[in-house]
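Everything on this sheet refers to the single structure shown next.
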Amino acid sequence: MIEEAPQTVRFSEEGYFVLSSVLVYIFNGDYQKGLDRLSIMSSDAINVHYCFVPKALLYAQIYGLMGQSKLEQEHYDSARSFLEAKVQEWSEDARVHSSLGLAYAGLGRQEEAGRAVRSEKGSNNTMMSISFNCQVQ
């Protein structure tokens, strides 16, 4: 079905569709198509009501699944830097704190990851907390 989407629906920058299409490619093990989809996205992050996910974080996760650890670490570090700046800008946004926790976890910084996700702000984002817990375990 995802193979038919490009013919029937023009990819848009609407966050739900972008995130959904990338996740479907990942779940199907078609990592290169996930990377390709991300590469044509013009914004630096997917910003929808339930999550704020930088492209770099998704790149890192895909490269990790592909076993390309150098690219994985570079993108986790890029996501960390981007998100640390966003936390300063949007300090009350639980979605940003939760994504920062995922970036820290990807870098092996478990204590910082736990603080970011379980902070008063980050703990309010159930979806990202579940994702964090799955990644750390």
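The values are calculated or read from the model by the stated rules, or taken from the named source; none is laboratory data. Note that this is a predicted model, so its numbers are computed, not measured. Glycine gets a Cβ as well: all are built from the backbone with ideal geometry, and neighbour counts include every protein chain shown.
Structural remarks
- Test for Ser78: is it in a helix (DSSP H, G or I), touching a Ser or Thr at 6+ places or on another chain (Cβ under 7 Å) and among the hydroxyl-bearing types (Ser, Thr, Tyr): no
- The C-beta contact set for the range 107-119 (first residue at positive phi, second residue modelled with pLDDT under 85 and surrounded by fewer than 17 Cβ atoms within 10 Å (Cβ to Cβ), distance under 9 angstrom, 6+ apart or interchain) is empty.
- The listed residues are Tyr76, Tyr63, Tyr59, and the only one of them that is modelled with pLDDT of 95 or more, closer than 21 Å to Tyr16 by Cα and aromatic (Phe, Trp, Tyr) turns out to be Tyr59.
- The range 37-76, subset more than 15 Å from Arg95 (Cα to Cα) and β-branched (Val, Ile, Thr), residue surrounded by the most Cβ atoms within 10 Å (Cβ to Cβ): Ile62
- Total residues in the range 98-125, condition over 12 Å from Pro54 (Cα atoms) and modelled with pLDDT of 90 or more: 7
- Single unsatisfied condition, Ser91 versus (1) more than 15 Å from Lys55 (Cα to Cα); (2) in contact with a helix residue (DSSP H, G or I) (Cβ under 6 Å, 6 or more places away or on another chain); (3) hydroxyl-bearing (Ser, Thr, Tyr): (2)
- Restricted to the range 26-71, and to residues there that are assigned to a loop (DSSP other than H, G, I, E, B) and among the hydroxyl-bearing types (Ser, Thr, Tyr), the residue that is farthest from Val117 (Cα to Cα) is Ser42.
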